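Structure first, commentary second.
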């Protein structure tokens, strides 16, 4: 690729670039269209804290009330796994069976269309006819990452029903407000109507609980009966015996005699409004509480939702019942505001630094028009973004920041080339036309290489890929718009003489003269630096090219050694603080609920001691603790939620109102909690869901349950030998004690069958469901069973008297053999085989890396276990699996991007070797990125890897411009390779240095941002900023050396031609 000789004065007419340069009106209209259309498109984009997306997984949930894990596995999960086995597009099938329910998660192939697979799965599951009679209808849905905006707590020293009623009132009133569409209540137990009949009443009247339930179902109904079409019109017919509240059920007849007398339900039973008997409770600062979540959907914005909620809370304060309070536990809109303000502040600082640099290198007028390309490109990019499904969120705002320095690169190259021609005596129009023609081709391919480098991020799988997708969508849109601006708008602004005449009339030249003072001082200094420092250096590097290349290779080797030596650590997810700290304690399965209540209170007290120890007792909004439930930030405990699970969330005030970080508080809280002797695990985190918790998870499989559990125990023991590992869980837990019944012949002689026996026992202790109906937003079930005091005594089981179908009686102990066993806690399956998951977490600042531990597990521990337990299989899951898939996709994408970049360079250069010379800068840019992490004391992370991939397209731009100029000097000025590449380096020193510095200084405020809010984003800024800065030195010294070595190989270079 060569540039035409400027002295030959090519025609200024012909071609779209020339036409636009000669028509400022058309250029300005194009600029206005981009600004207006982009501005309108910007207001059409939805706003959210983090991007909302559907994960590539389908979840099938089936409720099976009263069942154990083994019944759920046999009756539900095996049937579902078989039904979905033939569906195309499913990569993996994982199932979990627990008490009362089971669920199956289908992981989809990357090529699969989720909506088509979802439809096929629904059809196949709906066709299953073998589900147990008491299993409920499956719910099937795509997993979604939804946008939560606010967490509220309804709290007070009131009854559970009073708090729930007020929570429902708050929810209903919030949903009536404009801009709020979804509000959910969490922590409440489902409402029930309980009908409790003592056993003596059943025996006295010879009825069963099931018969009573059937009487209720036959009576309490509402049934349409059609209509009568009379001459006056249709009259509807309806039986209305519906009963909504407990008091309405007392008069239902359950037993009748021959004389017409009725025994009514209220005569033999206690009917009451109650809650489902689930052992769980929630408290806020020691008072009973429920949690409300306000979500964002559609075009709703976090800020408008939060404003509506806060307005409602203020307006409803006067009418709030005594003893009831509403507390804001978490407000994502505050973090959204803080982080957007942080990014805006850094963006303005970066923009100011870029403008300062442009003013130092270029004349004020040129600097202004080059800088104007930033808002034109950014605002115009919203036109493209409106078609991509992108939104305005934390990730996309950061992507705009990343492009801040890159976006002016093409404008700098074009503008600087025009400026150079002006300095050589060309008129404004001649300089604009010739300048954009000369450099237009290289600029187009430079932008296309940038686009190619960002493309791999669009194909990263998993949740990480969904987040990362925002970055290439924004970057590519901005880069394409910047290309249009630099080729079709900028030359027109620099070509018109009218602007200069207008400036002279308005006296502007005086101000321009004053503003241009720094540039008039800096430019001569830069020329002296190039003449006295750079040219001697590049000539030295050129003459000693093999030494120069050897030095570069040595630097690469040192860099590899630094990485392999562990001087730069690697974590898949960077540490990201949130405005809350969470703790979870898991006790042995089936532990008494009273012990969970004690530990819930203990977590509260430990949190307050930690705050006092840190000297900030007022740094929190509140402590929301609960027994019987976990938080989504932690992996599900063995056996799921239950009386063995205790959790707490300390909601911190906004970062601007406290001195401590969430991580500092979490560390102090962990110390105050100490060791809990009867706990299976104690886990704490202050990071986003999915970013905290265990980062080592391995699934073990074996045909023998005993061998599987033994292997899991052995693996957990090996992990406990590592310093710095916590939250070690062997995945093995004893289930609850279980009584199993087998019918005896004595019972069969009375007409009692196995089904009759099973239903009798189930009805007595779980309850016979009479009916299920909707009351407002709540589904109400009416359950008929024994009184609570009978259901809480084990002796009542053995003393139970069965009423036979024919009217006789028999003690349960005589009707069935009673065997004491233990049930499973839960059963996990992966691709048709039972598994046990062993997990652990590498603690921060412990010096123990999760990747190092996994390496030892793969090379030593797991092979030894396989030798000890033949047939044992294993597979890493969780973060390790996600990391492997992420890195594999990114590496493959990076390799393809390199081939695309090579092709984009090879076609215009018409060479196989020169694109390789240009791409030499890429590995040295990576060296700079690694050095930046070392200097800034940051670990490498997935965000760093994304930055390194994007860097590969940016660093070739400077090499591209340098080699284009060298080729031009050889073809037009007939210089030898040595002189050509040295003169090209001197000629392009200013634009190369300027493009690199604008990129670095555009990212500099973010790189040195100290706020914990920015830690998630800083690694990518480090990779890009330091990578481009380091690559500049390589481009200016090492690329010329490679260029000359290639010419040596070609035999086109002779030492006698080296002059000067």
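The values are calculated or read from the model by the stated rules, or taken from the named source; none is laboratory data. Because the structure is predicted, anything quoted here is derived from the model rather than measured. Glycine also receives a Cβ, built like all others from the backbone with ideal geometry; neighbour counts cover every protein chain displayed.
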Within the stretch 604-629, considering residues that are free of Cβ contacts under 8 Å to residues at least 40 places away in the same chain and in contact with a helix residue (DSSP H, G or I) (Cβ under 7 Å, 6 or more places away or on another chain), the one surrounded by the fewest Cβ atoms within 10 Å (Cβ to Cβ)
617
Within the stretch 245-259, considering residues that are in contact with a strand residue (DSSP E or B) (Cβ under 9 Å, 6 or more places away or on another chain) and assigned to a loop (DSSP other than H, G, I, E, B), the one farthest from residue 211 (Cα to Cα)
245
Picking from 875, 866, which residue would you name as being in a strand (DSSP E or B) and either on the phi > 0 side of the Ramachandran plot or surrounded by fewer than 18 Cβ atoms within 10 Å (Cβ to Cβ) (or both)?
875
Among the residues of the stretch 297-311, what is the count of those that are more than 23 Å from residue 618 (Cα to Cα), out of contact with any helix residue (DSSP H, G or I) (no Cβ under 6 Å at 6 or more places or on another chain) and not in a loop (DSSP other than H, G, I, E, B)?
6
Residues located in the stretch 423-462, provided they are at pLDDT below 80 and in contact with a helix residue (DSSP H, G or I) (Cβ under 8 Å, 6 or more places away or on another chain)
424, 426, 428, 462
Residue 136 in contact (Cβ under 8 Å) with a residue 24 or more places away in the chain, closer than 27 Å to residue 249 by Cα and either touching a helix residue (DSSP H, G or I) at 6+ places or on another chain (Cβ under 6 Å) or assigned by TED's automatic domain parsing to the domain that holds residue 115 (or both):
yes
What's the number of the only condition in (1) closer than 27 Å to residue 411 by Cβ; (2) at pLDDT 85 or above that residue 978 fails to meet?
(1)
Scan the stretch 314-347 for residues that are within 22 Å of residue 158 (Cα to Cα) and under 30 Å from the mean Cα position of the chain (by Cα) and jot them down.
326, 327, 328, 329
For the stretch 118-127, indicate whether the set of residues that are within 23 Å of the chain's Cα centre (by Cα) and buried (at least 18 other Cβ atoms within 10 Å of the Cβ) is non-empty.
yes
Residue 1035 being within 20 Å of residue 409 (Cβ to Cβ) and in a helix (DSSP H, G or I)
yes
Exactly one condition in (1) free of Cβ contacts under 8 Å to residues at least 12 places away in the same chain; (2) surrounded by fewer than 16 Cβ atoms within 10 Å (Cβ to Cβ); (3) within 30 Å of residue 622 (Cβ to Cβ) is not met by residue 654; state its number.
(1)
Check on residue 784, within 30 Å of residue 188 (Cβ to Cβ), in contact (Cβ under 8 Å) with a residue 12 or more places away in the chain and under 47 Å from the mean Cα position of the chain (by Cα):
yes
Return yes or no: is residue 143 under 16 Å from residue 61 (Cβ atoms) and loosely packed, with under 13 Cβ neighbours inside 10 Å?
no
Could you say whether any residue in the stretch 546-568 is modelled with pLDDT under 90, assigned by TED's automatic domain parsing to the domain that holds residue 1039, touching a strand residue (DSSP E or B) at 6+ places or on another chain (Cβ under 8 Å) and not in a helix (DSSP H, G or I)?
yes
Before we move on, is residue 368 closer than 23 Å to residue 1000 by Cβ, surrounded by fewer than 19 Cβ atoms within 10 Å (Cβ to Cβ) and without any contact (Cβ under 8 Å) to a residue 12 or more places away in the chain?
yes
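Counting residues that are in contact with a helix residue (DSSP H, G or I) (Cβ under 7 Å, 6 or more places away or on another chain) and outside the structural domain of residue 483 (by TED's automatic domain parsing), which helices (runs of 4 or more DSSP H) fully inside the stretch 13-115 reach at least 3?
Ranges flagged: 78-84.
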Selection within the stretch 97-117 - closer than 17 Å to residue 827 by Cβ and crowded, with 20+ Cβ neighbours inside 10 Å:
97, 98, 99, 102, 103, 104
Among the numbered conditions (1) more than 31 Å from the chain's Cα centre (by Cα); (2) within 30 Å of residue 730 (Cβ to Cβ); (3) at pLDDT 90 or above, tell me where residue 600 comes up short.
(1)
Filter pass, residue 873 being within 30 Å of residue 209 (Cα to Cα) and out of contact with any helix residue (DSSP H, G or I) (no Cβ under 6 Å at 6 or more places or on another chain)
no
Looking only at the stretch 228-244, which residues are over 30 Å from residue 272 (Cα atoms) and part of a loop (DSSP other than H, G, I, E, B)?
231, 232
Filter the stretch 196-213 for residues that are assigned to a helix (DSSP H, G or I), in contact (Cβ under 8 Å) with a residue 60 or more places away in the chain and closer than 10 Å to residue 784 by Cβ and give the result.
209, 210, 212, 213
Kindly list the number of the only condition in (1) more than 28 Å from residue 68 (Cα to Cα); (2) without any contact (Cβ under 8 Å) to a residue 40 or more places away in the chain; (3) out of contact with any strand residue (DSSP E or B) (no Cβ under 8 Å at 6 or more places or on another chain) that fails for residue 706.
(1)
Please state which of the following conditions residue 68 fails to meet, knowing it meets all the rest: (1) within 30 Å of residue 112 (Cα to Cα); (2) at pLDDT below 90; (3) crowded, with 18+ Cβ neighbours inside 10 Å.
(1)
Residue check: is residue 996 under 18 Å from residue 920 (Cβ atoms), free of Cβ contacts under 8 Å to residues at least 40 places away in the same chain and crowded, with 21+ Cβ neighbours inside 10 Å?
yes
Looking only at the stretch 333-349, decide whether some residue is within 30 Å of residue 630 (Cβ to Cβ), part of a strand (DSSP E or B) and in contact (Cβ under 8 Å) with a residue 24 or more places away in the chain.
no
